[in-house]
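So the structure is just underneath, and the comments pick up after that.
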Amino acid sequence: MATSNSAPALHPVVEAVTRRIQERSAPTRGAYLAQVDTAIQRKPGAERMGCANVAHAFAALPGNDKFKVVAEKAPNIGIVTAYNDLLSAHAPLQHYPDIIKTEARHLGATAQVAGGVPAMCDGVTQGFEGMELSLFSRDTIGMATAIALSHDVFDAALMLGVCDKIVPGLLIGALHFGHLPTVFIPAGPMTSGLSNNEKSKVREKAAQGLVGREELLAAESAAYHGPGTCTFYGTANSNQMLLEAMGLHVPGTAFINPGNAVREELTREAVRTVLSITKAKRFAPIGKLVDERCIVNAMVALLATGGSTNHLIHWVAVARSAGIIIDWNDFSALSDVVPLLSRVYPNGSADVNQFQAAGGPGFVIGQLLDAGFMHADVLTVRSGGLREFASIPAADAQGKLQWTEAGASKDESVVRPASQPFSTSGGLKLLQGNLGRSVIKISAVPEDRHVIEAPCRVFDSQEALHVAFKAGELDRDVVCVVRWQGPQANGMPELHKLTPPLAVLQGKGFRVALVTDGRMSGASGKVPAAIHMSPEAAAGGPLAKVRDGDVIRLDANAEMVQALVDPAEWEARPLAAMPEALRAANGVGMGRELFANMRRNALAAEQGACTWF
């Protein structure tokens, strides 16, 4: 293996996928970069705008700050924040703007909160109507970010956000202002409480009626107990891993807990970092930093850590925002060769705090660089490039930040070197067949469950599956098909509440699988699930042809999901229509009416479920 000081050869598959993406994206990427260059060449806002515009923009600034930005032409940082005190992950962000403004003044610059973006919690809305706004909240956040930055008086931007749709939304919005140097600032995970495994066991007991609400609530409250992100490796924490791999953080920022003495200094360092870009000869605005190589690095990091399936939707949309076109074939090709280097719940027992203690993102990125699975020659927000992200930050006796190489794994049950991976392939696979194209998170599924063949039971909602489960109708080998759950049908809510009953059935020894055009949680685990089926049933996808009793074969090894129906009969079968009662109920109440246009215009999951094309 190459040493950290050498430049190892890039793996041929990584190189080939990158080249394929570059060729496919050439027209759109070229147009995007031309737009970025045009914006870069303009004069700063305070010089370009009329006097009334400038006066409005800086009317509320303290006198000294107003003088700096107008008379001295000091850099002005726009802050976009996802702060609210409902979300544990975002509550710590409350005082970040004050820290940022103080540090900016110290450096001769100014900072303003350009705007706030909504931030909803899937954990709160799981299984309820609000969850149908969840996926589309990503594009809403992207638009809110654009509105915040549209005042166009900023020389750089800082993005404050952490969780599931929030980071992709902030990134989508920021990339539409690709001329701005931009750094992302998270708040870190909560400290460890009740383990994820113990929490899941209580959930499964509750699904069987073995424990009541009081015991279940006590377990959930012990797991989710303080400020910071949830400690499992779902979408929120996958976000942070990907931002590290893209070089958009201060290195090693992702998994430092709120309240840790290093946390505030890392926020100050983010101000120093973004201002250094505005003054650097090697100017790296976000639109040029996030190129095809950067996107591939993010994909590799996702696969190497068994990250969230949601990012097979979100990072397609992120890439599109920078004029880059990726698809699930790209993920699949990379997954075939990228080694799985971490075991973090749900594809292991460790939580993200244990992941960080074992070496965390710094260890994983260092291993992937040394083994030739990541592009080292990319721009990042730091002058030292991506190799800086293979290190871990700490404070010295004077409170000054220092970084040290991650070194060897501190716990090989959690992270392993690329020479001795948990698996020689990544944690996600593309499944294809006569039902369409879907993805499966295979890293947490036991090997004896990689192939499931059984008669199916078709459901029009996750609630209907719960009813059948409680009635004992699913106590057999079964493939559960849950349809009408895609972006156009109802906004593609996560179907996380299906996990406990299906896990119970699997625990009883039944051969069980799920096939759906909906999403599972980013923490979907041990039950094999073909998800994000595209095209979705509501868009005329073949999932609408499936009938109760059809035998379905899900074969993750062969990367196939197929209804074993005579081809002539399958071809002749009509598509079922969405039940009228379901159609009438979809999009009504809890503000869902406001998102009707997004449902109508949403692209397929494989196209990022984007609503702005």
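Residues that are surrounded by fewer than 15 Cβ atoms within 10 Å (Cβ to Cβ) and among the hydrophobic types (A, V, I, L, M, F, W, C) within the range 471-485 comprise just one, Ala471. Any residue that is over 30 Å from Ala444 (Cβ atoms), in a loop (DSSP other than H, G, I, E, B) and not assigned by TED's automatic domain parsing to the domain that holds Ile442 - is there at least one of those in the range 401-414? Within the range 401-414, none of the residues are over 30 Å from Ala444 (Cβ atoms), in a loop (DSSP other than H, G, I, E, B) and not assigned by TED's automatic domain parsing to the domain that holds Ile442.
Among the residues of the range 3-61, those that are under 18 Å from Ala333 (Cβ atoms) and among the β-branched types (Val, Ile, Thr) comprise Val13, Val14, Val17, Thr18, Ile21. From the residues in the range 384-399 that are in contact (Cβ under 8 Å) with a residue 24 or more places away in the chain and out of contact with any helix residue (DSSP H, G or I) (no Cβ under 7 Å at 6 or more places or on another chain), which one is farthest from Leu266 (Cα to Cα)? Filtering first and then ranking leaves Gly385.
Does the range 522-530 include one or more residues that are of a type in the set (Lys, Arg), in contact with a strand residue (DSSP E or B) (Cβ under 9 Å, 6 or more places away or on another chain) and either part of a loop (DSSP other than H, G, I, E, B) or farther than 18 Å from Lys201 by Cα (or both)? No, the range 522-530 contains no residue that is of a type in the set (Lys, Arg), in contact with a strand residue (DSSP E or B) (Cβ under 9 Å, 6 or more places away or on another chain) and either part of a loop (DSSP other than H, G, I, E, B) or farther than 18 Å from Lys201 by Cα (or both). In the range 394-421, the qualifying residues are those that are surrounded by fewer than 17 Cβ atoms within 10 Å (Cβ to Cβ) and polar (S, T, N, Q), and the one that is nearest to Ala280 (Cα to Cα) is Gln402. If you scan the range 213-248, which residues turn out to be touching a Gly at 6+ places or on another chain (Cβ under 8 Å) and assigned to a loop (DSSP other than H, G, I, E, B)? Listed by number, the residues that qualify are Tyr224, His225, Gly226, Pro227, Gly228, Cys230, Thr231, Tyr233, Gly234, Gly247. Within the range 564-585, not a single residue is under 29 Å from the mean Cα position of the chain (by Cα) and either more than 15 Å from Asp460 (Cα to Cα) or assigned to a loop (DSSP other than H, G, I, E, B) (or both). Listed by first and then second residue, the pairs with beta-carbon distance under 9 Å, at least 6 apart or on different chains, first residue in the range 224-247 and on the phi > 0 side of the Ramachandran plot, second assigned to a helix (DSSP H, G or I), are Gly228/Ala91; Gly228/Pro92; Gly247/Leu289; Gly247/Cys294; Gly247/Asn297; Gly247/Leu386; Gly247/Glu388; Gly247/Phe389.
Scanning the range 213-225 for residues that are farther than 19 Å from Pro501 by Cα and either under 27 Å from the mean Cα position of the chain (by Cα) or surrounded by 16 or more Cβ atoms within 10 Å (Cβ to Cβ) (or both) gives Ser221, Ala222, Ala223, Tyr224, His225. The single condition among (1) farther than 30 Å from Val527 by Cα; (2) crowded, with 18+ Cβ neighbours inside 10 Å; (3) modelled with pLDDT under 95 that Leu428 does not satisfy is (1). Is it the case that some residue within the range 11-31 is under 30 Å from the mean Cα position of the chain (by Cα) and in a loop (DSSP other than H, G, I, E, B)? The answer is yes; a qualifying residue exists. Here Ser391 does not qualify as surrounded by fewer than 24 Cβ atoms within 10 Å (Cβ to Cβ), among the hydroxyl-bearing types (Ser, Thr, Tyr) and more than 22 Å from Thr182 (Cβ to Cβ).
Regarding Asn434, is this residue of a type in the set (S, T, N, Q), in contact (Cβ under 8 Å) with a residue 40 or more places away in the chain and in contact with an Asp or Glu (Cβ under 7 Å, 6 or more places away or on another chain)?
Numbers: of a type in the set (S, T, N, Q): yes; in contact (Cβ under 8 Å) with a residue 40 or more places away in the chain: yes; in contact with an Asp or Glu (Cβ under 7 Å, 6 or more places away or on another chain): no.
No; evaluated as a whole, the condition is false for this residue.
Scanning the range 416-439 for residues that are more than 30 Å from Ala406 (Cβ to Cβ) and not in a loop (DSSP other than H, G, I, E, B) returns Leu430, Leu431, Gln432, Gly433, Gly436, Arg437, Ser438. In the condition set (1) at pLDDT 95 or above; (2) more than 18 Å from Met241 (Cβ to Cβ), Ala418 is compliant with all but (2).
Taking Tyr83 as the residue in question, decide whether it is hydroxyl-bearing (Ser, Thr, Tyr), in the same structural domain as Phe154 (by TED's automatic domain parsing) and in a loop (DSSP other than H, G, I, E, B). Judged against the criteria, Tyr83 is a match. Note on the range 600-613: among residues that are polar (S, T, N, Q) and not in a loop (DSSP other than H, G, I, E, B), the one that is surrounded by the most Cβ atoms within 10 Å (Cβ to Cβ) is Gln607.
Exactly one residue among Ser321, Ser349, Ser383, Ser409 is polar (S, T, N, Q) and under 18 Å from the mean Cα position of the chain (by Cα), and that residue is Ser321.
Within the range 586-599, track down each residue that is surrounded by fewer than 16 Cβ atoms within 10 Å (Cβ to Cβ) and either part of a loop (DSSP other than H, G, I, E, B) or in contact with a helix residue (DSSP H, G or I) (Cβ under 7 Å, 6 or more places away or on another chain) (or both).
Step one: of the range 586-599, the residues surrounded by fewer than 16 Cβ atoms within 10 Å (Cβ to Cβ) are 588-591, 593-594, 596-597.
Once the filter is applied, which keeps residues that are surrounded by fewer than 16 Cβ atoms within 10 Å (Cβ to Cβ) and either part of a loop (DSSP other than H, G, I, E, B) or in contact with a helix residue (DSSP H, G or I) (Cβ under 7 Å, 6 or more places away or on another chain) (or both), the range 586-599 yields Val588, Gly589, Met590, Gly591.
Among the helices (runs of 4 or more DSSP H) confined to the range 257-353, the ones with at least 1 residues that are among the polar types (S, T, N, Q) and not assigned by TED's automatic domain parsing to the domain that holds Ser443 are located at 261-279, 292-304, 311-321, 328-335.
Checked against the criteria, Thr404 counts as without any contact (Cβ under 8 Å) to a residue 24 or more places away in the chain and β-branched (Val, Ile, Thr). Considering only residues of the range 127-145 that are closer than 10 Å to Val117 by Cα and small (Gly, Ala, Ser), which is surrounded by the most Cβ atoms within 10 Å (Cβ to Cβ)? So, considering only residues that are closer than 10 Å to Val117 by Cα and small (Gly, Ala, Ser), the one surrounded by the most Cβ atoms within 10 Å (Cβ to Cβ) is Gly142.
Filter the range 538-552 down to the residues that are assigned to a strand (DSSP E or B) and either touching a Phe, Trp or Tyr at 6+ places or on another chain (Cβ under 8 Å) or surrounded by fewer than 23 Cβ atoms within 10 Å (Cβ to Cβ) (or both) and list them by number. I'd like the intermediate steps shown before the answer.
Narrowing the range 538-552 to residues assigned to a strand (DSSP E or B): 551-552.
Val551, the sole residue that qualifies.
Among the residues of the range 211-234, those identified as among the polar types (S, T, N, Q) and in contact with a helix residue (DSSP H, G or I) (Cβ under 7 Å, 6 or more places away or on another chain) are Thr229, Thr231. Taken as a whole, the condition of being in contact (Cβ under 8 Å) with a residue 60 or more places away in the chain, among the β-branched types (Val, Ile, Thr), within 23 Å of Ile392 (Cα to Cα) and buried (at least 24 other Cβ atoms within 10 Å of the Cβ) does not apply to Val316.
The values are calculated or read from the model by the stated rules, or taken from the named source; none is laboratory data. Not measured: the values here are computed from a predicted model. Neighbour counts are summed over all protein chains in view; Cβ atoms, including those assigned to glycine, are modelled from backbone coordinates with ideal geometry.
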